[in-house]
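Notes for the one structure printed next.
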Ligand SMILES: [Zn+2]
């Protein structure tokens, strides 16, 4: 039964190829238990689901979405293909603070691999990655970002020590009620949603 919405979504997509998503159907996809807190938290910032460039531009003009710098102490932004370098202010500030702590602890930097995605971006992503979520994600609200755990200092390899330091900071922020995070093994990243603390 849980795949029923998925089935209808796919069926609908087939018949409506000019628009890659249907908002009503997308909203109906039930999130996993692990993911639910992320969605609820991201809906606490007064931002409606980001459907396309026009929606993003509207929030940028209002000052509700701000640009994420390409680099700051402790992090680098990867070249983004399926997401855009904008976040709500609190998410950006939290990213910068966590990166700063990471740099102080390790003298290294981590790589942010994904930021904000519109529903249209998500459609494009789904064409290359069938694991990309069919439903909504906290990336669709400008509150979430992903940090790779296999690209510290731009070196593509596992680094258990740096990963441990990163996780220590994530856990600390989580315990302070500032973020939720999930380790996403398929994408080799931590998915982080900032809460409206
Ligand atoms: Zn993510």
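Taking region 46-96 and the strands (runs of 3 or more DSSP E) fully enclosed by it, the elements with 3 or more residues that are touching a helix residue (DSSP H, G or I) at 6+ places or on another chain (Cβ under 9 Å), surrounded by 15 or more Cβ atoms within 10 Å (Cβ to Cβ) and touching a residue at least 12 places away in the same chain (Cβ under 8 Å) are at 86-88. How about region 97-110: which of its residues are in contact with a strand residue (DSSP E or B) (Cβ under 7 Å, 6 or more places away or on another chain) and surrounded by 22 or more Cβ atoms within 10 Å (Cβ to Cβ)? Across region 97-110, the qualifying residues are 99, 102, 110.
Here is the figure for region 173-185: residues that are surrounded by 13 or more Cβ atoms within 10 Å (Cβ to Cβ) and without any contact (Cβ under 8 Å) to a residue 12 or more places away in the chain total 1.
Just to be sure, is residue 133 touching a helix residue (DSSP H, G or I) at 6+ places or on another chain (Cβ under 8 Å), within 15 Å of the ligand (Cβ to nearest atom), at pLDDT below 95 and within 25 Å of residue 90 (Cα to Cα)?
Working: touching a helix residue (DSSP H, G or I) at 6+ places or on another chain (Cβ under 8 Å): yes; within 15 Å of the ligand (Cβ to nearest atom): yes; at pLDDT below 95: yes; within 25 Å of residue 90 (Cα to Cα): yes.
So residue 133 fits the description; yes.
The selection criterion, being in contact with a strand residue (DSSP E or B) (Cβ under 9 Å, 6 or more places away or on another chain) and within 11 Å of the ligand (Cβ to nearest atom), holds for residue 191.
Each row is one residue, and each column tells you yes or no for (1) on the phi > 0 side of the Ramachandran plot; (2) at pLDDT below 95; (3) more than 16 Å from the ligand (Cβ to nearest atom).
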| position | (1), (2), (3) |
| --- | --- |
| 74 | yes, no, yes |
| 81 | no, yes, no |
| 113 | no, no, no |
| 126 | no, yes, no |
| 148 | no, no, no |
| 171 | no, no, yes |
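Being assigned to a loop (DSSP other than H, G, I, E, B), modelled with pLDDT of 95 or more and either surrounded by fewer than 14 Cβ atoms within 10 Å (Cβ to Cβ) or away from the ligand (no atom under 15 Å from the Cβ) (or both) is the requirement here; does residue 162 meet it? Answer is no for this residue.
With the condition kept exactly as written, say whether any residue in region 177-196 is in a helix (DSSP H, G or I) and modelled with pLDDT of 95 or more. I'd like the intermediate steps shown before the answer.
As a first pass, look at region 177-196 and keep what is in a helix (DSSP H, G or I): none.
Looking through region 177-196, none of the residues is in a helix (DSSP H, G or I) and modelled with pLDDT of 95 or more.
The values are calculated or read from the model by the stated rules, or taken from the named source; none is laboratory data. Quick caveat, the model's predicted, so the values are computed rather than measured. Quick reminder, even Gly has a Cβ in these numbers, built from the backbone with ideal geometry, and neighbours come from all protein chains shown.
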